[in-house]
Structures are given as C-alpha cells and as structure tokens.
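Participant: Below are the structure tokens for one structure; questions will follow.
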Amino acid sequence: MSPATTLTELGAARFVMAIDKMLAVYTAAMNPAASQLAGRRSIMARHATNPGFRALAVLDGDGEPVAFSYGFHGESGQWWHDMVNYALSSSAGAAEAGHWLSDSFEVAELHVTPAYQHQGLGRSLLYRLTADLDEPSALLSTHDSESPARHLYRSAGFVDLLTAFRFSGGDPPYAVMGAALPLRDVRS
Ligand SMILES: CC(C)(COP(=O)(O)OP(=O)(O)OC[C@H]1O[C@@H](n2cnc3c(N)ncnc32)[C@H](O)[C@@H]1OP(=O)(O)O)[C@@H](O)C(=O)NCCC(=O)NCCS
C-alpha cells in the first residue's frame, strides 16, 4: 500500500454519494469516451442496489479517492450474470456454468488512478473486496488482452472461463474469469 493512503469500506449509501468521484477515478484509469459516462454512472448507481454490494475506496492524504473497487452477489435477472450464464452454458455445459454462477460474487469494477498504479493498491483492493465472503467463487470480466489487469487477476488465481467474448456487437472482446474464494496468491 502506498504511503499516505488509506483503504476504506463504503456502504452503498456512501458509495452513491461519492459516485462522481468514483467516476472520475474510472475516467482517469480507463479513458472512456465522454459519451459513455452518463450510462456508466447509472449502471454504478444501479449496482449499488444489488444484494451483497460491497465497495472499497483508497483515499489520498486529503481524503480524495484515488482507487476503488466494488462487487455484489450475482444472481439471475442481472444483465452481466445472465449473459455469462448463457455463454458459459453454451460453451462448457450447464453443470460448469452452474458451478461458477450459482453462488458467486461478481467483481464489477477495480480502478486505480494512473499516478497511483503499480504500487500495490489494485492487489490490496481485490483481496480485501473478496475476503470473508460467503460465496465460494468470484467472477469478473476484463478486456481480452495481456493487460496489467489480466496479469493481476491471473496472479490471484483467476482462470479464463470465456475468451474473445463480446457482450454486444460494438464491444471489444472480453475475457470472463473465475476464481475459488478465498483468493490465493499464485505468483511463483
Ligand atoms: C489493473 C489495475 C487495477 C491494477 O492496479 P495496480 O494498483 O496498478 O496494480 P498493483 O500495483 O496492485 O499490481 C498488481 C499486479 O498487476 C500487474 N500490473 C500492475 N501494473 C502493471 C504494469 N504496468 N504492467 C504489467 N503488469 C502490471 C502485475 O501483475 C502486478 O503484480 P506484480 O506487482 O506482482 O507484478 C490498474 O492498473 C488500473 O486501474 N488499470 C486501468 C483500469 C483497469 O484496467 N481496470 C481493470 C478493469 S477489469
């Protein structure tokens, strides 16, 4: 963990109150098109109403967020969950899909503002977010490329469940990854 930063857990209400600051971290980390931000903001607000919602932020010395992560219990009726369930059932069979999706925690976002990257914050957030959960597995999606995020997830025990997966026609290819909980550090 960087000096002069603190990792804090936010309840859903505090997360929603700070959503524009989280969106600023997301924007700095992901550099999305400006046209996507309103939609992203409403998705994040909706996610905060999901069961088992857990959000963490890393604050700098002035109390401003420089990184955040959140997730929630996945269940039928959630767009991401249903898309992945359908695709995994088709490619690996219903039993395999059920194994991963019947009782899972979905890591929805993990972002560190560039000036604070590669200092251990992303790893700390991922491990804390998924610690002491009742769910036996965690799932997430990330761009299907050899990105820092992909390296981090692999090193925490996540394996590819789907690759080259497109959530919609205009999207880049994604990898859907899963790991048994608690996460294990598999760096050798
Ligand atoms: C991915 C991200 C969250 C990682 O957070 P971070 O604080 O920078 O990462 P950490 O310092 O905790 O490092 C964790 C691991 O990530 C990988 N990593 C981090 N930065 C990296 C880089 N520049 N190049 C390659 N791997 C890198 C490494 O595997 C590293 O483990 P190591 O230190 O044992 O080599 C952060 O880089 C980020 O916000 N990126 C942009 C947004 C994004 O891609 N979010 C994830 C969307 S799914």
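The values are calculated or read from the model by the stated rules, or taken from the named source; none is laboratory data. These numbers come from a predicted model, not from an experiment. Ideal geometry is used to build each Cβ from the backbone, glycine not excepted, and the neighbour counts take in all protein chains shown.
Participant: Are any of the residues in segment 91-103 more than 9 Å from the ligand (Cβ to nearest atom), in a strand (DSSP E or B) and either in contact with a strand residue (DSSP E or B) (Cβ under 9 Å, 6 or more places away or on another chain) or under 19 Å from residue 70 (Cβ atoms) (or both)?
Facilitator: So the first thing to find is which residues in segment 91-103 are more than 9 Å from the ligand (Cβ to nearest atom), and the list is 91-103.
Now restrict to residues that are in a strand (DSSP E or B): none.
Looking through segment 91-103, none of the residues is more than 9 Å from the ligand (Cβ to nearest atom), in a strand (DSSP E or B) and either in contact with a strand residue (DSSP E or B) (Cβ under 9 Å, 6 or more places away or on another chain) or under 19 Å from residue 70 (Cβ atoms) (or both).
Participant: Oh, and also: Name the residue that is farthest from the ligand (Cβ to nearest atom), counting only residues in segment 145-179 that are in a loop (DSSP other than H, G, I, E, B) and touching a helix residue (DSSP H, G or I) at 6+ places or on another chain (Cβ under 8 Å).
Facilitator: Looking only at segment 145-179, we keep the residues that are in a loop (DSSP other than H, G, I, E, B), and these are 145-147, 156-158, 166-173.
Among the residues that remain, those that are also touching a helix residue (DSSP H, G or I) at 6+ places or on another chain (Cβ under 8 Å) are: 156, 167.
On the way: 156: 9, 167: 13 Å.
Selected residue: 167.
Participant: Right, another one. Is there a residue being in a loop (DSSP other than H, G, I, E, B), away from the ligand (no atom under 16 Å from the Cβ) and under 24 Å from residue 26 (Cα atoms) anywhere in segment 126-143?
Facilitator: The initial filter retains those residues of segment 126-143 that are in a loop (DSSP other than H, G, I, E, B), namely 130-136.
If we keep only those that are away from the ligand (no atom under 16 Å from the Cβ) too, we end up with 132-136.
Going one step further and asking which of them are under 24 Å from residue 26 (Cα atoms), we end up with none.
No; the residues of segment 126-143 include none that is in a loop (DSSP other than H, G, I, E, B), away from the ligand (no atom under 16 Å from the Cβ) and under 24 Å from residue 26 (Cα atoms).
Participant: Any idea which of 182, 114 is within 9 Å of the ligand (Cβ to nearest atom) and more than 22 Å from residue 48 (Cα to Cα)? Explain how you work it out, then say what you get.
Facilitator: Working: 182 fails: within 9 Å of the ligand (Cβ to nearest atom).
Among 182, 114, only 114 is within 9 Å of the ligand (Cβ to nearest atom) and more than 22 Å from residue 48 (Cα to Cα).
Participant: Which one of these does residue 165 not meet: (1) of a type in the set (Phe, Trp, Tyr); (2) surrounded by fewer than 17 Cβ atoms within 10 Å (Cβ to Cβ); (3) modelled with pLDDT of 95 or more?
Facilitator: (2)
Participant: List the pairs whose first member sits in segment 135-149 and is without any contact (Cβ under 8 Å) to a residue 60 or more places away in the chain and at negative phi, whose second member is surrounded by fewer than 19 Cβ atoms within 10 Å (Cβ to Cβ) and of a type in the set (Asp, Glu), and whose Cβ atoms are under 9 Å apart, counting only residues at least 6 apart or on separate chains?
Facilitator: If the second residue must be surrounded by fewer than 19 Cβ atoms within 10 Å (Cβ to Cβ) and of a type in the set (Asp, Glu), the pairs left are 136/103; 137/103; 144/160.
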